[in-house]
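Just so it is clear, none of the values below were taken in a lab; they were calculated from the coordinates. Note that the coordinates shown come from a computational prediction; the quantities given were computed from them, not determined experimentally. Heads up, the Cβs are rebuilt from the backbone with ideal geometry, glycines too, and the neighbour counts pull from every protein chain shown.
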Amino acid sequence: MAVSDRSLALPLWIALSRAHAVVEEAARRHAADHDLTLAEFGVLEALHHGGPMYLGELGRKILVSSGGITYLVDQLEERGLVRRKPCPEDRRAVRALLTPEGEELISSIFPEHARVIRRALSCLDRPTAKATLRSLRRVVRAAEQADRDAGAP
């Protein structure tokens, strides 16, 4: 039976929201233990794993608006964890990159952060986790397509 069935759609949405909230709270607490917001942690993690990024690309990666990413990079730059590097080919473009202090911090706390997330999701065995991941990716694609279709003339 498809989830478009009214009896399933709302309970599924509520369960997804609650699951997200409790896992996010565990991640938020861990980031706060290191004087970071979850969004600041996201910036450091994205730069750690992806290398220097244009601010727009970084914002899309961690799901933050252009104004939000500017603010986050400002905060992290002020703390000496991130720096901006202008693009020589396009003076309007700016990349963010980790400073040595930022790299040291994220390298030291990321493994424990990953353990926090794994613990929060440890109730799922491997086959269930893989099936859930496939299902959630289908949800994302379908929702994005529905959004595109809604905007089409």
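Remarks
- Whole-angstrom Cα spans of the chain along principal axes, big to small: 54, 45, 23
- Relative to the dominant Cα principal axis of the chain, helix 126-151 is inclined by about 80°.
- C-alpha long axis of helix 6-32 to longest principal axis of the chain, angle in °: 30
- Dividing the mean sequence gap of close Cα pairs (under 8 Å, 6+ apart) by how many residues the range 1-144 holds gives a relative contact order of 22 percent.
- Among the GluC sites (Glu not before Pro) in the range 68-153, those placed in a DSSP loop whose Cβ has at most 12 other Cβ atoms within 10 Å are Glu89.
- Each peptide in 45-51, 119-125 was scored by the mean count of other Cβ atoms within 10 Å over its residues; highest first, the order is 45-51, 119-125.
- The alpha carbon gyration tensor of the range 56-145 gives principal lengths a ≥ b ≥ c with a/c of 1.5 or higher and a/b no greater than b/c, which makes the shape oblate.
- Net charge of Cβ neighbours under 11 Å - reference Ile62; Lys, Arg +1; Asp, Glu -1: -1
- Rounded to 10°, Cα long-axis angle of helix 38-50 versus longest principal axis of the chain: 80
- Positive-end ranking of His48, Cys87, Leu97 along the dipole of the chain, with charges on Cβ about the Cα centre, is headed by His48.
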